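Only one structure is covered here, and it is reproduced in the block below.
The values are calculated or read from the model by the stated rules, or taken from the named source; none is laboratory data. Just so it is clear, the structure is predicted and the values come from calculations on it, not from any experiment. Every residue, glycine among them, receives a Cβ derived from its backbone with ideal geometry; neighbour counts consider all protein chains shown. Side chains are part of the model used for accessible areas, which takes the heavy atoms of the whole protein and leaves out ligands, DNA and RNA. Shrake-Rupley method; radii C 1.70, N 1.55, O 1.52, S 1.80 Å.
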Amino acid sequence: MSTFTTARGTIAPSATILIRREASGDVAAIEAVTRAAFLSAPHTSRTEHHVVRALRRSGNLAVSLVATVDSDVVGHIAMSPITVSDGSPRWYGLGPLSVEPLCQKRGIGNQLVEVGLTALRELGAKGCVVLGDPAYYKRFGFQADVRLVLPDVPPEYFLVLAFSSDIPSGTVTYHESFLAPR
């Protein structure tokens, strides 16, 4: 196994990846990881760090987890409530998901998603949606579903994971924090 390299240096391959809830002292590191993760990513507005900040300030950051290696924050996942036009309650959106570029392709994002989905279930969520790469998110059970629509987005990239057999039908709206200042 190869070493992890972060902004602070090289971390041994035997280092343990810890997934935990965000702490108040993590805010600057989360912003740095989010900026770095989306700096050269395709299909990004490069405002994801503003979205996370706005969700936190508005009290709509329902799940905020960090991945740490030797106490360095190397990843983050945000999950927030969404609105479905049919009035279905307790649905959430996943994103942004960020992993420091030099630590990508090591399973950190996978761990963040898995623990995040478990946290949503513990909150009593009915399901989760994500706008993202189908090849990545299908491994967690997300699928495109014509019953839920995100306007102006190719439907194959808007994916749904129901925690029961009930999938609502309607248009999805993310919290206004996703329109955070750019």
Practice task
Run through all the Cα pairs of region 125-182 and give the fraction in each 5 Å bin from 0, expressed as whole percent.
Solution key: 4, 18, 29, 23, 18, 6, 2, 0
Exercise for the section: Could you calculate, for region 34-90, the ratio of the Cα radius of gyration to the Kirkwood radius, expressed as Rg to Rh? Expected result: 1.05
Fill in the blank from the handout: The size of the Cβ-based charge dipole (Lys, Arg +1; Asp, Glu -1) of the chain about the Cα centre, to the nearest 20 debye, is 180
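How much length would be gained if the chain were fully extended between Ser45 and Tyr136, taking 0.36 nm per residue of separation minus their Cα-Cα distance, in nm to one decimal?
On the way: separation 91, 0.36 × 91 = 32.76 nm, distance 1.98 nm.
Gain on extension, Ser45 to Tyr136, equals 30.8 nm.
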Practice task
Just tell me, in residue order, which DSSP H segments of the chain are both 18 angstrom or longer along the helix axis (alpha-carbon based) and at least -0.5 in mean Kyte-Doolittle hydropathy.
Solution key: 108-122
Completion exercise
Counting only residues 5 or more apart in sequence or on a different chain, those whose built amide H sits under 5 Å from that of Tyr92 are Ile82, Gly127, Cys128, Val129
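Can you send over the carbon and sulfur percentage of the accessible area for the chain, probe radius 1.4 Å, protein chains only?
Numbers: 4910 of 9230 Å².
Looking at the chain in its full context, I get 53 percent from C and S.
For region 83-157, what does the alpha-carbon gyration tensor say about shape, rounded, prolate or oblate, given a ≥ b ≥ c as the root eigenvalues, a/c under 1.5 as rounded, and a/b over b/c as prolate?
Working: a/c = 2.30, a/b = 1.40, b/c = 1.64.
Oblate, because a/c is 1.5 or more while a/b does not exceed b/c.
Would region 39-125 count as rounded, prolate or oblate if I go by the C-alpha gyration tensor, calling it rounded below 1.5 in a/c and otherwise prolate when a/b exceeds b/c, oblate otherwise? Walk me through the numbers before you get to the answer.
Numbers: a/c = 1.97, a/b = 1.46, b/c = 1.35.
The shape class here is prolate.
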Problem - Furthest towards positive pole of dipole, Pro155, Gly124, Ile17, structure part the chain, Cβ charges - result: Ile17
Completion exercise
Rounded to whole angstrom, the alpha-carbon centroid of region 136-182 lies from that of region 67-81 at a distance of 22
Exercise for the section: Would you calculate, for the chain, the mean residue ellipticity at 222 nm contributed by helices, counting each DSSP H stretch of 4 or more residues as -39,500 (n - 2.57) and dividing by all residues, to the nearest 500? Expected result: -7000 deg cm²/dmol
